[in-house]
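Scroll down for the structure; my scribbles are underneath it.
Laboratory data are not the source of any read-out in this text; all were calculated from the coordinates shown. This is a predicted model, so every value here is computed, not measured. Using ideal geometry, Cβ is built from the backbone for each residue, glycine included, and neighbour counts are taken over all protein chains shown.
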Amino acid sequence: MGWVEYYIDPENCRAFWEGWVCIVDKQKSEKFQTLVKHSESIIPLLPWPKVMEKEQFLAPDFTSIEIITFASNAVFLGQNLPNYDDIREHEGFKNVYFGNRMPQASKASNVQFASEEQAEVLAEKSMNCYEVQVGCHELLGHGVGRAIFRNEDGTSPKFTDPLTNEEYESCYEEGQTWSTRFGDISSSYEECRADACGLFLQTLQPVYSLFGVADGEVDDLLWVNAMNHLRKGVIGLPLYNPEAKKWGQAHTQGAFVFAMWLYKNQKSKIVDFEIIGEEEDFRIHLDKQLLMAEGRELIKELLIVLQTYKSSGANERGLKFYTEYSEVSDFFLKIRKIAIAQKKPRGYCLKITWYDTPTRASSPFTTLRTSRASSFPTQIGINSTRSYTKRCSASGTSTKHHSKYES
Ligand SMILES: [Zn+2]
């Protein structure tokens with residue numbers, strides 16, 4: 001309980017207040033614990049030089065938990081705590097995956113800005129694929145890499161810029177941290193790095209096999225997670241403010257940077273964006289085979305760039321790079337307009353209602369507005385179901401499913 005994420009404050013200062021109560025799902029947690037157990041052999045597979053990795057990985061706690069109540073601005077799918085890199089590095093950290101936060105398999109007809117075929121695949125596979133991405137993002141994304149400080153003899157360590165091959169000197173000074181050195185891009189940059197880590201690692205056999213993914217399913221796994229990531233950045237363009245030229249959400253900006261990195265550096269046609277008709281709709285085309293071949297290499301290169309600047313504290317290089325890939329061109333401003341015009345009302349996260357009955361059940365209510373309203377009497381313990389049944393019926397909501405919970 002406390003002030004946690006500061007993703008939507010451009011100054012990286014004001015945080016969301018979060019208070020939540022959850023129950024550990026021991027069975028689901030086993031998968032994540034296995035990932036933790038294997039982390040020591042997986043971490044060396046990351047593509048950056050050894051010097052940028054922690055000497056000792058402090059194996060964290062990783063559990064899957066079911067939300068009972070969650071009071072905050074937003075409910076994430078997973079969390080890595082704390083948000084302070086210096087504490088993560090020296091004291092350790094813990095991860096949680098909110099097992100019942102993921103929306104139940106959505107219908108293909110609800111997937112916007114996608115072809116019929118894409119919508120079918122995303123509706124069917126997103127949930128399972130996302131579990132792998134969240135595991136790798138939290139544990140092996142936020143949890144890896146180290147900050148390099150000035151040498152004991154006062155000299156500065158040397159690095160090679162992966163983009164220009166130029167040698168440069170840079171390091172953290174005593175008392176500096178990731179967020180003090182990289183300022184207002186630090187939060188988004190870090191999310192972009194953790195996501196790229198997840199996308200890279202899930203293509204490696206020792207990682208995907210831990211999640212029960214077969215060799216022949218890896219291209220599907222990467223396609224679904226990369227596509228959802230591109231969609232996050234592009235459908236999330238309404239969170240970009242063209243007047244201030246600023247992004248209002250860290251993860252979305254990170255996903256857009258990822259999209260632009262692939263788009264601008266591809267030699268083949270891995271990804272393409274298409275505006276349909278008179279700026280009525282748009283599509284993202286993502287080629288599965290090319291993504292597995294050239295795309296995977298590009299994701300690896302992105303990781304090396306992000307980690308080199310982060311480890312060496314090269315804030316000017318990092319800022320230049322990150323600002324360039326965060327820029328929204330006129331073409332993407334058109335896509336932004338389409339995304340705004342077709343924006344659906346925000347979904348609700350309906351708090352689960354637990355019942356004191358021999359067969360414990362979660363909320364029978366859907367996330368529709370009417371259903372949300374009709375869940376309140378149950379939550380505050382009104383026994384007279386007759387009165388609210390009447391009201392709900394009048395508004396056309398079926399109340400049949402309430403009967404077994406009447407006391
Ligand atoms: Zn994150």
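Sorted on the mean count of surrounding Cβ atoms within 10 Å across their residues, most packed first, peptides 194-205, 29-40 read 194-205, 29-40.
Distance between the modelled labels on LYS26 and THR69, one decimal in nanometres: 2.6 nm (7 Å Cα→Cβ projection).
A straight Cα-to-Cα reach below 23 Å connects LYS337 with the lysines LYS232, LYS245, LYS246, LYS264, residues fewer than 8 places away in its own chain not being considered.
The distance from the alpha carbon centre of segment 54-92 to that of segment 282-303 is 29 Å, rounded to a whole number. Classification of segment 2-341 by its C-alpha gyration tensor yields a rounded form. The axis ratio a/c (a ≥ b ≥ c) stays under 1.5. Label positions at ASP330 and SER41, each projected 7 Å from the Cα along the C-beta direction, are separated by 5.5 nm. For a straight C-alpha distance cut-off of 27 angstrom, the lysines reachable from LYS26 (same-chain residues fewer than eight places away being disregarded) are LYS37, LYS94, LYS125, LYS351.
Taking other Cβ atoms within 10 Å as a rough exposure proxy, TRP3, TRP178 sort from fewest to most as TRP3, TRP178. Close amide H pairs (under 5 Å, H built 1.01 Å from N) link TRP247 with ASN241, residues at least 5 positions away or on another chain.
Ranked by the mean number of other Cβ atoms within 10 Å per residue, highest first, peptides 112-119, 273-280 order as 112-119, 273-280. Overall, the anisotropy analysis places segment 68-200 in the prolate class: the square-rooted eigenvalues a ≥ b ≥ c of its C-alpha gyration tensor yield a/c not less than 1.5, with a/b exceeding b/c.
Approximating the spin labels as points 7 Å out from Cα along Cα→Cβ, the ARG150-to-GLU173 distance works out to 0.7 nm.
Among the GluC sites (Glu not before Pro) found in segment 159-231, those both in a DSSP coil and sparsely packed, with 16 or fewer other Cβ atoms within 10 Å of their Cβ, are GLU166, GLU173, GLU174.
Under the rule a/c < 1.5 gives rounded, and otherwise a/b versus b/c splits prolate from oblate, where does segment 233-332 land using the Cα gyration tensor? Oblate. The phi-based Karplus calculation (6.51 cos²θ - 1.76 cosθ + 1.60; θ = phi - 60°) puts the 3J(HN,Hα) values of segment 211-221 at 9, x, 8, 7, 3, x, 9, 5, 5, 5, 4 Hz, whole numbers, x for Gly and Pro.
Look at where the Cα atoms of segment 124-154 and of segment 212-235 average out, and the two centres are 17 Å apart.
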